[in-house]
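Enquirer: First the structure, which I've put down as structure tokens, then a few questions once you've had a look.
The values are calculated or read from the model by the stated rules, or taken from the named source; none is laboratory data. These numbers come from a predicted model, not from an experiment. Counting neighbours? That spans all protein chains shown, and the Cβs are built from the backbone with ideal geometry, glycine included. The accessibility values were calculated without ligands, DNA or RNA, using every heavy atom of the protein model including side chains. Shrake-Rupley method; radii C 1.70, N 1.55, O 1.52, S 1.80 Å.
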Amino acid sequence: MASQSLPPKEAAAFKRLMKCYEDKQYKNGLRFAKQILGNSKTSEHGETLAMKGLLLLGLGKKEEALDSVKKGLKSDLKSHVCWHSYGLVNRAERKYEEAIKCFRNALRF
């Protein structure tokens, strides 16, 4: 699960955020991400920042997506979710070699 644990309320919101991403409901997912990141205790939660980046990527905001995923990765370097998200953003940017490195790091954790 998450290498940085979330309080129960935020953990439930994170599960809903993941479901929104899977269902391609990016705007709803961003709402849950803002809810989690709005809490001062979880404002730097790496996996939430990484998922926020993927939601932004789905909305076509590539620059913001890359910034958010990088910030999430800095917050939690040992998270497979963060590495996988960074790989997906690099793949979308057609930086395939960098994406492969990220996916390999995701498999390590």
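Enquirer: Name the one entry in GLY29, GLY60, GLY87 that is over 10 Å from the mean Cα position of the chain (by Cα), at positive phi and not polar (S, T, N, Q). Explain how you work it out, then say what you get.
Expert: Values: GLY29 fails: at positive phi; GLY87 fails: at positive phi.
Among GLY29, GLY60, GLY87, only GLY60 is over 10 Å from the mean Cα position of the chain (by Cα), at positive phi and not polar (S, T, N, Q).
Enquirer: Please tell me if LYS61 is among the charged types (D, E, K, R), under 19 Å from LYS19 (Cα atoms) and at pLDDT 95 or above.
Expert: Here the answer is no, as LYS61 does not meet what is asked.
Enquirer: Scan the stretch 1-34 for residues that are touching a Lys or Arg at 6+ places or on another chain (Cβ under 7 Å) and either open to solvent by 100 Å² or more (accessible area, probe 1.4 Å) or of a type in the set (Gly, Ala, Ser) (or both) and report the count.
Expert: So the count comes out to 2.
Enquirer: Say we look at the stretch 35-69 and pick out the residues that are more than 22 Å from GLU93 (Cα to Cα) and touching a residue at least 12 places away in the same chain (Cβ under 8 Å); which of these is most open to solvent (accessible area, probe 1.4 Å)?
Expert: Residue satisfying both the conditions and the ranking: LYS41.
Enquirer: For the stretch 70-79, give me each residue that is surrounded by 18 or more Cβ atoms within 10 Å (Cβ to Cβ) and free of Cβ contacts under 8 Å to residues at least 60 places away in the same chain.
Expert: GLY72, LEU73
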